[in-house]
Amino acid sequence: MYPHSHHQDDQSILDLHKITLRYNGRFALENISFHLHAGEQVAVVGPNGAGKSTLFKVVAGVLQPTSGKVKIFGSTPRKHVCIAYIPQRSQVDWNFPVTVADVVMMGRSAQLGPFGWPKKHDWEVVRHTLDVVELSDLASRQIGELSGGQQQRMFIARSLAQEAELMLLDEPFSGLDLPSQAGILKVLEELKRGAVTVMVATHDLEQAAENFDRIMLLNQRMIGFGKPDEVLQPEKLIQAYGGRLRSVDGENVPALEDFYERERHAHHH
Amino acid sequence: MPTIINWVLEPLQYAFMLRGLAAAVMVGIVCAVVGTYVVLRGMAFFGDALAHAILPGVALGYLVGGGSRSSLFWWALGTAVIAALGIGAIKKQTQVKEDTAIGIVFAGMFALGIALISTVRNYAVDLSHFLFGDVLGVSPQSLWLTLIFGVLVLLTIAAFYKEFLTLSFDPILAVTLRLPVGLLENLLLALIAVTIAVSLQTVGVALMVAMLVTPAATAYLLTHRLPVMMGLAATFATISGVIGLYLSYYLSVASGAAIVLTATAFFIFVFLGKRIQTALLVAAK
């Protein structure tokens, strides 16, 4: 009833091969191929509507691509419970009558199996994961009482309780103040020690360049994927953001301007 | 004091009143617990539609049985399950918006039910029982059916507690955990269907949605935990059932309406109480 594939160490954790997804006759994703190594952390950037969420949902096995293949540890995502998708905060009903610990325990639904109830070990796992994200004190709070950053960290704890090896975070930083963002980055740093592979969708190019091993520049098609300085090239950014270079979502993108500033300096020296 | 005790005890000398109380309490508990998911998942309109959509099945059973009511439960159960899965399938089509599609099917089925019943002479009394319930006419046999199916529904909710919770809070998580999402969705629809069949005689199709949503909504205002919400909803529903029946007995008000009005009064009371509490807290700061 609840399948679970076993992993072999020598496989790359995630392999996408020519993924295309058409939605209402329009390309949401077009011919995307890449692979990830276990334990690396990747930022996925691109304008709104670039297909970041769609890509994550295809990787998680929530959406079926129109064509192409996704492989997690060598087999289809639908056999794995090791992929965690962390939703955008706007997609969550924060008035739902559950506590922080309840939500984290949901991550263990698959491990518990049909008709299984949480045992002592499961509560220990929940407590431990809440420790990792520094939310132990708030375990019995209703989820709507948390700040935005705490809500994101709660979902990371849930992914840890799920024993996820691949975490997909959909715009975890948007709408958060800098200290809250720093708190999430600290937890992501912590995940590196556990060799959890992470993909983060974000709008902040500068932050992406500073904190992630590789950056994927996406706008339906894959425009670039590699080290930050390889990907954040003006011509690629223009390709991704097009005429909306200065304005994503109606907001200015200071990172882009800073980036050009740095570029100009670099060329002078 | 003795007068109050007399007031409470007097109706209990009648077997129909005892059966009515038992039915109202059992139906109240089952509706409240299932209704918790109806409220949290925003399925009130679905519940209302489903209750109305069983009328043609009940009417057919009524015609086939020549006006006998003994087999109506099974007709209601069959129609409810088929209608629930049918409406579930409608959700997946994309040509018409979901609520519009449900509205079309629900009104059409309801009209068919009324048309069927209206072919019988003197149909008005029986129709009103289907529409608004007749809890004081509950037979011992249908009381047993209520008990058996009510317990079955509650056991299923308990057995799939974590699955229904996960699915209702975060359907994408349910998919990534590879829970059998389609199966669980349909199981939940089927549980709502059984609940409606069980409640038919107590509140009737027209008032059913109130039993599903009102006690659960009242509980929702008071707690942040799902199990507590279920317990509170069941408590409100039980008290509403008992008070409603006494009101019905002493004021000669239709029983289904009296139960629903009591539940509604609880909701209004709690809703206003919360408002006043919030206002006082703000004023205190």
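Values quoted throughout were computed directly from the atomic coordinates according to the rules given, and no laboratory measurement underlies them. Just so it is clear, the model here is predicted, and its values are computed rather than measured. Cβ atoms come from the backbone with ideal geometry, glycine included; neighbour counts cover every protein chain shown.
Hey, what's the Kirkwood Rh for the range B:132-174 if you take every pair of different alpha carbons, in angstrom?
12.6
Using the Cβ atoms and a cut-off under 15 Å, what net charge is assigned to the surroundings of B:L189, where Lys and Arg are +1 and Asp and Glu are -1?
-1
What does DSSP give for the protein assembly as shown in terms of the percent of beta bridges that are antiparallel, rounded to the nearest 5?
55
For chain A, compute Rg over Rh where Rg is the Cα radius of gyration and Rh is the Kirkwood radius from the inverse mean 1/r over Cα pairs. Numbers along the way, then the final one.
Numbers: Rg = 19.0 Å, Rh = 19.5 Å.
Result: Rg/Rh = 0.97.
What number results when the radius of gyration of the range A:99-249, computed over Cα atoms, is divided by 2.2 N^0.38 Å?
1.20
How much of the DSSP beta bridge set in chain A is antiparallel, as a percent to the nearest 5?
55
Where the eigenvalues come from the Cα gyration tensor of the range A:91-163, what are the semi-axes √(5λ) of the equivalent ellipsoid, largest first, in whole Å? Don't skip to the end; give the middle numbers.
Values: eigenvalues 75, 36, 21 Å².
Working from the Cα gyration tensor, I get semi-axes of 19, 13, 10 Å.
Out of B:R121, B:R69, B:R225, any idea which swings most in a Gaussian network model of chain B, alpha carbons joined below 10 Å?
B:R121
Could you tally the net charge around A:I215, taking each other residue with its Cβ under 12 Å from the Cβ of A:I215, Lys/Arg +1 and Asp/Glu -1? The partial results should precede the final answer.
On the way: positive: A:R214, A:K227, A:K236; negative: A:E40, A:D204, A:E206, A:E210, A:D213, A:D229, A:E230.
Around A:I215, the surrounding residues sum to -4.
Work from the charge dipole of chain B (Cβ charges, +1 for Lys and Arg, -1 for Asp and Glu, about the Cα centre) and give the residue of B:A101, B:L226, B:T195 farthest towards its positive end.
B:L226
So what's the range B:79-212 giving for Rg/Rh, alpha carbon basis, Kirkwood Rh from the mean inverse pair distance?
1.03
Write down the Å³ per residue value for the convex hull defined by the alpha carbon atoms of the range B:2-284.
Residue-normalised Cα hull volume stands at 154 Å³.
Going by C-beta contacts inside 10 Å, put B:R178, A:R221 in order with the fewest on the left.
A:R221, B:R178
Bin by bin, in steps of 5 Å, what percent of the Cα pairs in the range B:164-249 do you find, going until the bin that has the longest distance?
3, 12, 16, 20, 19, 15, 8, 4, 2, 1, 0
Near B:G103, within a Cβ-to-Cβ distance under 11 Å, what is the net charge of the other residues, with Lys and Arg +1 and Asp and Glu -1? Walk me through the numbers before you get to the answer.
Details: positive: B:K97; negative: B:D48, B:E98, B:D99.
Once all neighbours under 11 Å are counted, the net charge is -2.
For chain B, set up a GNM with springs between Cα atoms under 10 Å and report which of B:I54, B:I259, B:I114 has the largest fluctuation.
Its mean-square fluctuation being the largest, the pick is B:I114.
Dimensions of the protein assembly as shown along principal axes (Cα, Å, largest first)?
In descending order, the Cα extents are 99, 55, 45 Å.
Under DSSP H, which helices of chain B have Cα atoms covering 20 Å or more of the helix axis and a Kyte-Doolittle average no less than 0.0?
Values: long enough: B:15-40 (37 Å, 2.14); B:72-90 (26 Å, 1.96); B:98-118 (30 Å, 1.66); B:140-159 (28 Å, 1.90); B:181-220 (30 Å, 1.82); B:226-251 (36 Å, 1.49); B:255-284 (43 Å, 1.65).
Helices meeting the span and hydropathy rule in chain B are B:15-40, B:72-90, B:98-118, B:140-159, B:181-220, B:226-251, B:255-284.
Would you list B:F149, A:F155 from fewest to most Cβ contacts within 10 Å?
B:F149, A:F155
So for the pair B:I276, B:K91, with labels modelled 7 Å out along Cα→Cβ, what separation do we get in nm?
Output for this residue pair reads 3.9 nm.
By counting other Cβ atoms within 10 Å of each Cβ, how are A:H128, A:H203 ranked from fewest to most?
A:H128, A:H203
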